[in-house]
C-alpha cells in the first residue's frame, strides 16, 4: 500500500479483510497507540495499522494512515452494522460540513470520480503542510497535532447526526486557549517565549483572552468536556506545549496540575501524560528537528517567518488583488497604520484574511487546523506588499 498514489484507500480497505482486528478496537483503546506513534503529538514516527514490514513510509504517509485508521475505527466503534461504503459516504459528508465556505474541497469533488479517490485527496489536503519548506518545524508539529480534532468531531457527528462544525470549532478554540495559558504560565520567559505567547494570543479567533498575568481557566469553558478521551487529548497536547528544557519549572507544574483538576482527572493520569511526552521526546528527538532546539520558540518564529514570507512573495500579485478588492479590509489595514484597532476590528481583519487565503491554493496552510496561529505573521508582511501610499501615514 502506497499512501502517496491513487488507490491506497481501496487497498487499505481490502487489507481489513485480513486484519479485521482493527474493526474490533474501540477509539479509547486506539488512543494510547496513537500516542506511541506520535500522531497525537503531531509527528507520526510509526503507524498503528497492520504490519508494514519492509515498507519505509514517509512521515506524511504515516500521518495519512494513522488519521484514516483512527477515523475508520471511530466509525465501526460507533455505528452498528457498519459497512465500508457507508463509512466512506459518512466521512465525505463530514468533511463537507467542515468546509463551511464550500471552497476547500469543492475543487476535489469536481475532479475526483470515485468516492475513495475524493477521500484520498481530502485527507492529503488535510495534512498537507509544504514539508519541503517547513522541515518538521513547530508549525508542522502544531498543525498535525490538531488533526485528532477531526477524529473526535467525526465521532460527535456520528453520535448526534448533526453538523459538527460548532463542536470542532469549540474544541480547537479550547485547545488553542489552553496551550496559550500553558505557555504564559512559564515562570521566567525570555524574549522569544514572550513572542510566542503574543503570537498565540493574537491568533485566537473565537474567544477574547486576557494578556494579563492573571489570565486563568475562567477564560476557558472546560465543563462541556465530559468524555475521557476529550480530556486526555486536551491534557496531552498541553503537556507537549509546556515541554522546553527536559524539565518543568514550578509554575508549569502548578499549571498542568491545575488543568488536571479542572478536567477532573486523576493526578496519576496528569503525571503519566507529562512522562509520556518526555519519554516520546527522549526516544525520538534525534529524528524530530524541533526537539533538538534549546529554544523552540526561537526556532518556530524564525522558520515560520521565512516560510510565510516565501509563500506571500510567490502569491504577491494575487494577494494584492484580493486585498484591494476587499474595501472593508483595506480601510482597516490603512487605519491600523495610525491607530490601534479594536478587538472587534482585529477579529474582522483575521476573518477576511482567512477568506482570502481560501481563494489562493498555495496559502491553504492558513486554513488547516492551527493555521490561524500564522495570521499575525501574514499581517506583518502585508504592508511590504501594498503601494507606498498605503504607508505614508506612518511617516
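Among 224-235, 263-274, 178-189, sorting by the average number of other beta carbon atoms lying within 10 angstrom of each residue, highest first, gives 178-189, 224-235, 263-274.
As a calculated quantity, the FRET efficiency between residue 24 and residue 343 at R0 = 45 Å, using C-beta atoms, amounts to about 0.35. Residue ranges 60-68, 321-329, 164-172, 23-31 sort as 60-68, 164-172, 23-31, 321-329 when ordered by packing (mean number of other C-beta atoms within 10 Å per residue, highest first).
FYI, it's all coordinate maths here, none of it is from the lab. Source: prediction; values computed, not measured. Because the Cβ atoms are built from the backbone with ideal geometry, glycine has one as well, and the counts that use them run over all protein chains shown.
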